[in-house]
Amino acid sequence: MKKYYTFNDVFLIPQFSDCESRSLLDTSSKIGSISLDVPIISANMDTITGPKMAVSMSASGACGALHRFNTVSQAVREYVTVRESGADCFVSVGVNDGDLQRARALYSAGARNFIVDIAHGHSTMMRHTLSTLRNTFGHDDFYIVAGNVATPEAVRDLATWGADCIKVGIGGGSCCSTRVITGHGVPMFSCLLECAEEADKAGVKIIADGGIRSSGDIVKSLAAGADYVMVGSLLAGTLETPGEVIETTSGKVKVFRGMASTSAMIDRNNRNKTDMPVGEGVKTVVPARGSSVVIVNDLQSGLRSGMSYMNAHNISEIPLVARWGVQTSSGAFEGTPHILQGDS
Ligand code: XMP
């Protein structure tokens with residue numbers, strides 16, 4: 001039986017650095033037709049990315065992924081709003097029959113960067129959807145991210161079926177209960193390492209999705225071979241997330257929920273709790289806070305600092321120069337703030 005590690009189980013080893021100024025380190029890249037100043041994508045969740053977040057992410061040099069939990073006409077309106085502001089973003093579709101109509105409508109509105117989004121992406125439905133999208137829209141200016149998956153076999157299959165980029169991560173997200181409910185999922189660091197190796201062979205990119213709590217986790221994701229990261233909870237509660245600010249006795253909050261939570265399923269299917277499958281996500285509220293622009297800036301700054309410790313001058317050098325080790329739980333504890341309280 002193999003042992004699989006997640007972000008907290010590993011550490012990156014500092015190396016001789018010739019970096020004289022962190023601001024010179026290049027965090028730019030490209031995904032589909034979208035140029036990025038920092039390889040961060042906001043999660044396609046209905047409490048994270050609507051048009052406001054997509055515009056704000058673009059202004060910060062990152063990118064938004066509009067969620068798909070609305071009607072086709074709402075999805076088109078939201079995409080057009082983003083484009084009218086001068087930004088571009090990803091749009092999401094599912095794997096059901098109606099999703100070809102959604103894709104056609106978004107394509108007609110100008111969208112060329114798509115995410116095919118399903119909880120278990122290594123499946124017949126994904127194969128069918130990827131082949132339908134490729135047959136309908138071709139390859140030339142139609143970019144497809146597909147996911148989520150958590151194995152190298154899945155990466156190879158989705159690449160063969162037509163994906164340009166694969167979203168990797170099952171059950172590691174902050175609001176996920178997939179591992180609790182189903183027992184399935186793979187700890188992120190090892191998962192990314194294995195999937196990135198297969199992605200390189202297949203000539204596709206990967207997005208690390210789920211469980212990223214800090215810029216350090218972003219550096220570790222890229223060190224393991226991810227090309228981009230997708231973040232949800234890091235942006236939850238910010239000004240630009242969809243949803244109202246709720247006044248409570250303990251302050252202002254906003255809702256954050258898993259897209260497979262019972263709450264999200266009830267809303268999108270208009271059904272009762274009694275005839276629903278069990279939820280694989282949770283719903284919570286988080287403190288309302290300031291702009292996502294500040295958060296993305298801090299994440300980019302932390303990423304640059306991480307690059308200086310490993311002597312990577314640009315994003316593609318990160319996995320080539322990274323060296324890591326596996327740590328004990330005492331090492332993980334030592335690596336977080338742990339101020340001693342005492343008399344003297
Ligand atoms: P973070 O940790 O950044 O993770 O908040 C965001 C990612 O979590 C995934 N997601 C879910 N996974 N049940 C799951 O098992 C859910 O209800 C759910 N909702 C979102 C998704 O990949 C997202 O980008």
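Bear in mind these aren't lab numbers, they're just calculated from the coordinates by the rules spelled out. Values in this document were obtained by computation on a predicted structure and should not be read as measured data. Heads up, the Cβs are rebuilt from the backbone with ideal geometry, glycines too, and the neighbour counts pull from every protein chain shown.
Once you have the Cα-Cα distance between SER85 and HIS139, take 0.36 nm times their residue separation minus that, and quote the gain in nm to one decimal.
Details: separation 54, 0.36 × 54 = 19.44 nm, distance 2.70 nm.
Result: 16.7 nm gained on full extension.
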Jot down the radius of gyration and Dmax of the stretch 102-222, Cα atoms only, both in angstrom.
14.6, 41
Would you mind telling me which residue in CYS19, CYS195, CYS175 has the biggest mean-square fluctuation in a Gaussian network model of the chain, where springs connect alpha carbons within a distance under 10 angstrom?
CYS19
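Can you give the charge dipole size of the chain about its Cα centre, rounded to the nearest 20 debye, using +1 on the beta carbon of Lys and Arg and -1 on the beta carbon of Asp and Glu? Please report the intermediate quantities before stating the final value.
Working: 30 positive and 34 negative charges, 140 e Å.
I would put it at about 680 debye.
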Cα Rg, Dmax (largest Cα-Cα span) when computed across the stretch 61-113, Å
10.4, 34
Where does the stretch 22-105 land on the Kirkwood hydrodynamic radius, alpha-carbon pairs, in angstrom?
13.3
Given q = 0.09 Å⁻¹, what are the Debye log10 I(q)/I(0) values for the chain, with equal point scatterers placed on the Cα positions and solvent ignored?
-0.47
Taking just the C-alpha trace of the stretch 91-143, give me its Rg and Dmax in Å.
10.3, 29
So what are the ³J(HN,Hα) numbers for the stretch 85-102, from phi and the Karplus equation (6.51, -1.76, 1.60; θ = phi - 60°), rounded to whole Hz, Gly and Pro as x?
7, x, 9, 9, 7, 7, 10, 10, 9, x, 10, 9, 4, x, 6, 5, 5, 4
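Round to the nearest 0.05 the FRET efficiency obtained for ALA105 and THR132 when R0 = 22 Å and r is the Cβ-Cβ distance. If you can, show how the numbers build up before the last one.
On the way: r = 15 Å, r/R0 = 0.68.
With R0 = 22 Å, the Cβ-Cβ based efficiency is 0.90.
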Report the Cα-based extents of the stretch 16-171 along its three principal axes, largest first, to the nearest Å.
54, 39, 32
Mind listing which GluC sites (Glu not before Pro) in the stretch 234-331 are in a DSSP loop and have 10 or fewer other Cβ atoms within 10 Å?
GLU244
Kirkwood Rh and Cα-based Rg: tell me the resulting Rg over Rh for the stretch 230-344, rounded to two decimals.
1.10
For HIS184, HIS122, what's the fewest-to-most ordering of other Cβ within 10 Å of each Cβ?
HIS184, HIS122
Quarter of the Cα convex hull surface for the stretch 176-285, i.e. its orientation-mean projected area (nm²)
9.4
In Å, the Kirkwood estimate of hydrodynamic radius for the stretch 227-287 over Cα pairs equals 13.1
I'd like the Karplus ³J(HN,Hα) series for the stretch 106-121: coefficients 6.51, -1.76, 1.60, θ = phi - 60°, whole numbers in Hz, and an x wherever there's a Gly or Pro.
5, 4, 4, 7, x, 5, 10, 10, 10, 10, 9, 10, 8, 4, 10, x
What residues have an amide H closer than 5 Å to that of VAL285, excluding those fewer than 5 places away on the same chain, when H is modeled at 1.01 Å from N in the peptide plane?
PHE256
Hey, what D do you get for the stretch 116-177 in µm²/s if you plug the Kirkwood alpha-carbon radius into Stokes-Einstein at 10 °C and 1.306 mPa s?
134
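Beyond 16 Å, what share of the Cα-Cα pairs of the stretch 185-228 is found? Please give it as a whole percent. Working shown, then result.
Working: 252 of 946 pairs.
Value for the stretch 185-228 (Cα pairs over 16 Å): 27 percent.
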